[in-house]
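Step one of this worksheet: look at the structure below.
What follows draws every value from the coordinates through simple rules; no lab data is involved. The shown structure was predicted, so the numbers you read here are calculated from the model rather than taken from an experiment. In this analysis, Cβ positions are derived from the backbone assuming ideal geometry, glycine residues included, and neighbour counts consider all displayed protein chains.
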Amino acid sequence: MPVYHSEITIRTNGKRTIEISDQIRNAIRESKFSEGIVTVFCRHTSCSLVLMENADPSARHDLEGFMNRLVPENDPHFTHTYEGPDDMPSHIKMALTRSSETIPFSRSNPLLGTWQGVFLWEHRSSPHSRSIIVTVIGE
């Protein structure tokens, strides 16, 4: 099967979720494929990808709050703190979530559920430039 690659660069401004569903749709359309799968891969260890509700932002705020309570900053047991108090927590949050998502598509549109969106989840407090690789396999 033919393969198409593209890269999405997302500039973040601190901890939050950023919907990237439209950029994924654009990559699928650029591939000129109508049926297949798209894989989205985050090339970093301090942010992650998540499929999440995209209609009500309070669902994402609740998820972020839960994760912050689960993995708090300034834990005295962390030794990997070279880049500040959010350093190790960001790596743990990434490990507990995902670095990639695979989504089927048809008629050049991802087959996401009604309320689903794909989000880059920035776990660091400071701004970063994040690289997302989109691989489209189809025909």
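For the chain, what is the mean residue ellipticity at 222 nm derived from helices alone (per DSSP H run of n ≥ 4: -39500 (n - 2.57); sum divided by total residues; nearest 500 deg cm²/dmol)?
Values: 3 runs with 35 residues, N = 139.
So the helix-based figure for the chain works out to -8000 deg cm²/dmol.
By how many nm would the segment from Ala59 to Phe78 grow when fully extended, if each residue of separation counts as 0.36 nm and the alpha-carbon distance is taken off?
Numbers: separation 19, 0.36 × 19 = 6.84 nm, distance 2.87 nm.
Here the answer is 4.0 nm.
Can you tell me the FRET efficiency between Leu111 and Arg69 if r is taken as the Cβ-Cβ distance and R0 is 25 Å, rounded to the nearest 0.05?
Working: r = 33 Å, r/R0 = 1.33.
Efficiency, rounded to the nearest 0.05: 0.15.
Run through region 1-53 and list the trypsin sites (Lys or Arg not before Pro) located in a DSSP loop whose Cβ has at most 13 other Cβ atoms within 10 Å.
Working: sites: Arg11, Lys15, Arg16, Arg25, Arg29, Lys32, Arg43; in loops: Lys15, Lys32, Arg43.
Loop-located and lightly packed - Lys32, Arg43.
Quote the charge dipole size of the chain about the Cα centre in Debye, to the nearest 20; the model charges only the Cβ of Lys and Arg (+1) and of Asp and Glu (-1). Before the final figure, lay out each step's value.
Working: 14 positive and 17 negative charges, 49 e Å.
Computed charge dipole of the chain: roughly 240 debye.
Within region 100-122, list the residues whose amide N lies under 18 Å from a label point set 7 Å along Cα→Cβ of Leu51.
Residues 100-121 qualify, since their backbone N sits under 18 Å from the label point.
What's the extension gain from Ser129 to Glu19 if we count 0.36 nm per residue and subtract their Cα-Cα distance? Walk me through the intermediate numbers first.
Values: separation 110, 0.36 × 110 = 39.60 nm, distance 1.50 nm.
Once the chain is fully extended between Ser129 and Glu19, it gains 38.1 nm.
Beyond 22 Å, what percent of the Cα pairs of the chain remain?
Details: 3867 of 9591 pairs.
Cα-Cα pairs in the chain separated by more than 22 Å: 40 percent.
Provide the per-residue ³J(HN,Hα) series for region 73-78, in order, calculated from phi with Karplus coefficients 6.51, -1.76, 1.60 and θ = phi - 60°, each as a whole number of Hz, with x at glycine and proline positions.
Listing the rounded values in order: 6, 6, 5, x, 7, 6 Hz.
Please turn the phi angles of region 46-58 into ³J(HN,Hα) values with the Karplus equation 6.51 cos²θ - 1.76 cosθ + 1.60 (θ = phi - 60°), one per residue in order, whole Hz, x for glycine and proline.
These are the phi-based 3J(HN,Hα) values: 10, 8, 8, 10, 8, 8, 8, 4, 10, 8, 10, x, 5 Hz.
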